[in-house]
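Undergrad: Supplied in structure tokens, the structure appears directly below.
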Amino acid sequence: MSARALMFMGTGSDVGKSLVVAGLCRLFANRGVRVAPFKPQNMSNNAAVTDDGGEIGRAQALQARAARVAPSVHMNPVLLKPESETGAQIIVQGRRIGSAGARAFQTKKRELMPAVLDSFARLKADADLILVEGAGSASEINLRANDIANFGFACAADVPVVLIGDIDRGGVIASLVGTKHVIDAGDAAMIRGFCGRNRGPPDRARGRRGSPTGQKRQAMPQAASSQGRGGGVRDCRSACMPLFLRRPTRPVHGAATTSGHAASGSRRTRGLPGATRDP
């Protein structure tokens, strides 16, 4: 059975995509699910080195640690390492293939999609679940033609999307609704839910007050994701889990059943392979 996948895109950079994926990697690893992170394209000079000497983004190395798997070059097949304000080294599947300026890279991206899909297929072959992270903003329609980082990948690989916005910045409802409004209808159809990141303690009552308008305009489920104490990404699973994981892919002692209740032991970690006391 092929691994399931879900992609997390953002209304902009630094809205919480990396940490939401890392948190969900740990949550599913604690449930005994073979989970792996994936980011088609990343831009960062802060690279991590895999066991075979390849380079990937540090965020994907963190996510791999959360998933309790060894980092792989296939978790971040395209890494851009800036060399100047307008140019960057191009790392493909862990190895440098050259450098390009911003304009030249826009035309070169279409050549990199086969490598991206190859890495994605390799991860799926050894996992039950792939959590994909987009890059930057999902609504950069001027870059959509050759995109490999966001909806270009999601459509090519047929991966459903959850859109993340940052409540702390203000205007999160407009950002979420606006993103879905400006993108192509085919891309918008890939969106299955949205998630608002709250940096403070979760306030579900306040979130519910904005839900009717947001849900009516977007016609998709809402989840509140808080990185404050007591919330974590656990709130996000209320919308994310039904989208791609109905039950554990293999029987696991202590894992949640289809009714949503733990079979035995702790709901979170007791009895699960490799479970620890950390969240």
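A short reminder: the numbers here are calculations on the coordinates, not readings from a lab. This structure is a prediction, so every number in the text was calculated from the model and none was measured. Positions of Cβ are generated from backbone atoms using ideal geometry, with glycine treated the same way; all protein chains shown enter the neighbour counts.
Undergrad: Could you list the residues of the stretch 156-186 with an amide nitrogen less than 12 Å from a label point located 7 Å from the Cα of Arg144 in the Cα-to-C-beta direction?
TA: Counting backbone N atoms under 12 Å from the label point, the list is 179-186.
Undergrad: In Å and whole numbers, how far do the C-alpha atoms of the stretch 35-147 stretch along each principal axis, longest first?
TA: 37, 27, 22
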